[in-house]
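For reference, the structure discussed in these notes is given below.
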């Protein structure tokens, strides 16, 4: 059951979430200047094979700190403007808090709420879905510059090249397969969230933006379904 955390309890809960992560670790914080202790905890988690994603606010993390984080194996850094939320979770529990990932935060008066995935399933999944949305619209960390990933899409539905489909999440060219409408990289992130009904960005058949009208179970826009059936000999979507 969800419970309230005092300032010290919040800091302890954050450390525990990092230490007990077995599969994934998601850290959402606008500002980041890690203590040596938390940096070490994150590094150890990565060395154990935990997939780590960190989302921060555009232009609010110093280059030296980003370079330090990049030195950690298999860590993914993303940035987004206007981020103010702070949320930290692994596959078992989560804290939503006022605490930033700052060394100075240990001196501040903070508070938080701890949520368990099994005992607080509805709250946990609602928060996780919101974080997933933030993750999807975030830009990759490259020279600390936010870059939108919107691309102009060609909609030549009669193309014959081997890559005859589109990833429904990033829009990249992939082999058309209605049962596998994600590229390898996007499938790895989808597999972590595991939500077949999550609204996606692109049509697997035409490659154009779908504005949430496609998902893993229904990757083709309705207006292209008849043409897709004809071209690819499909029976159901």
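The values are calculated or read from the model by the stated rules, or taken from the named source; none is laboratory data. Source: prediction; values computed, not measured. All Cβ positions, glycine included, derive from the backbone under ideal geometry; neighbour counts span all protein chains shown.
Those residues that are assigned to a helix (DSSP H, G or I) and more than 24 Å from residue 125 (Cβ to Cβ), I need them from region 16-37; list them, please.
Across region 16-37, the qualifying residues are 36, 37.
Do we have residue 74 as within 16 Å of the chain's Cα centre (by Cα) and at positive phi here? Even if it seems obvious, please write down each step before you answer.
Working: within 16 Å of the chain's Cα centre (by Cα): yes; at positive phi: yes.
So residue 74 fits the description; yes.
Taking the condition at pLDDT 90 or above and either over 20 Å from the mean Cα position of the chain (by Cα) or not in a loop (DSSP other than H, G, I, E, B) (or both), does residue 178 pass? Don't jump to the end; show me each part of the working.
Working: at pLDDT 90 or above: yes; either over 20 Å from the mean Cα position of the chain (by Cα) or not in a loop (DSSP other than H, G, I, E, B) (or both): yes.
Considered against the rule, which asks whether it is at pLDDT 90 or above and either over 20 Å from the mean Cα position of the chain (by Cα) or not in a loop (DSSP other than H, G, I, E, B) (or both), residue 178 comes out as yes.
Sort out which residues of region 204-237 are within 20 Å of the chain's Cα centre (by Cα) and either in a loop (DSSP other than H, G, I, E, B) or touching a residue at least 60 places away in the same chain (Cβ under 8 Å) (or both), and write them in order of number.
Selection gives 215, 216, 217, 219.
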